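Below: one structure, written as structure tokens.
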């Protein structure tokens with residue numbers, strides 16, 4: 001049981017490039033989330049999903065896209081990388097089935113630099 | 001949206017000391033979690049505590065939902081307790097969390 005797995009752990013992109021951050025969980029959780037953490041700050045929600053085929057915007061969705069084709073996977077896509085997207089990205093999941101509020105379990109993060 | 005304030009922003013302790021970390025929030029919540037981010041950046045869920053009191057070893061937490069605050073107690077601190085402690089709250093369905101800015105704890109040997 002690996003929990004929440006994020007890949008890659010580190011990445012450097014040039015301005016205007018695109019990439020996909022991968023997130024997979026093996027806990028059969030329905031709810032999945034993407035956060036970004038800027039230096040010295042708390043986490044801000046980018047997108048979330050309450051189940052396969054269902055996604056919704058969080059607090060800071062601009063410049064990102066997500067999809068949720070399976071329960072296990074929740075990739076985050078950056079289409080045109082900008083320096084403001086330099087951050088550490090965390091994926092999380094929670095049970096949230098009949099009970100909507102449950103502990104969230106986090107991956108180890110992806111450190112992304114846009115140069 | 002909900003505002004989350006954590007205090008103090010920074011805390012330096014000698015190993016073995018006790019400490020209390022505070023989280024205030026601006027509205028009613030049905031979800032409150034405490035996390036520890038270690039020096040390697042990993043986020044560990046310490047407590048899921050929308051109300052009441054829980055204990056786990058040297059750590060305990062209390063949330064008084066009616067007064068909109070939560071406290072995290074660390075007793076007999078160890079150097080491995082160093083890192084950033086985040087409080088995160090949610091007020092609706094979908095388990096969406098709003099994070100505070102964190103409390104940076106340094107425990108010195």
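Remark: spin-label model distance residue A:12-residue B:75 equals 4.9 nm, labels positioned 7 Å along the Cα→Cβ axis. For peptide B:31-43, the mean count of partner chain Cβ atoms within 10 Å of a residue's Cβ comes to 4.
Take each residue of peptide A:42-50, count the partner chain Cβ atoms within 10 Å of its Cβ, and average: the result is 4. Multiplying the residue separation of residue B:93 and residue B:18 by 0.36 nm and removing their Cα-Cα distance gives an extension gain of 23.5 nm.
The packing ranking of peptides A:55-66, B:5-16, highest mean first, is A:55-66, B:5-16, where packing means the average number of other beta carbon atoms within 10 angstrom of each residue. Of the peptides A:34-46, B:58-70, the order by per-residue mean of other Cβ atoms within 10 Å, starting with the highest, comes out as A:34-46, B:58-70.
For residue A:20 and residue A:70 in the same chain, what is the full-extension length gain: residue separation times 0.36 nm, less their Cα-Cα distance, in nm? Provide the component values of the computation, followed by the final result.
Details: separation 50, 0.36 × 50 = 18.00 nm, distance 1.61 nm.
16.4 nm is the gain from fully extending residue A:20 to residue A:70.
With N denoting the number of residues in chain B, provide Rg(C-alpha) divided by 2.2 N^0.38 Å, to two decimal places. Show your work: numbers first, answer last.
On the way: Rg = 13.2 Å, N = 109, 2.2 N^0.38 = 13.1 Å.
Expressed relative to 2.2 N^0.38 Å, the Cα Rg reads 1.01.
Ranked for footprinting exposure by Cβ neighbours inside 10 Å, fewest first, B:107, B:29 give B:107, B:29. Using C-alpha pairs under 8 Å with a sequence gap of at least 6, the mean separation divided by the residue count of chain B gives a relative contact order of 37 percent.
Is there a simple number for the mean count of other chain Cβ atoms within 10 Å of the Cβ of residues in B:99-108, and what is it? It would help to have the intermediate numbers written out before the result.
Working: counts 8, 3, 3, 5, 0, 1, 0, 0, 0, 0.
Across B:99-108, the average partner-chain Cβ count within 10 Å equals 2.
The residue B:65 and residue B:45 beta-carbon pair, evaluated with R₀ = 25 Å, returns a calculated FRET efficiency of approximately 0.85.
Which FRET efficiency value, to the nearest 0.05, do you get for residue B:58 and residue B:3 by plugging their Cβ-Cβ distance into 1/(1 + (r/R0)^6) with R0 = 22 Å? Intermediate results must be reported in sequence, preceding the final value.
On the way: r = 30 Å, r/R0 = 1.35.
The value I calculate is 0.15.
Every number here is computed from the coordinates shown, using simple stated rules; none is lab data. None of the values given here were measured: they were computed from a predicted structure. Cβ coordinates were reconstructed from backbone atoms using ideal geometry, including for glycine residues, and neighbour counts include every protein chain displayed.
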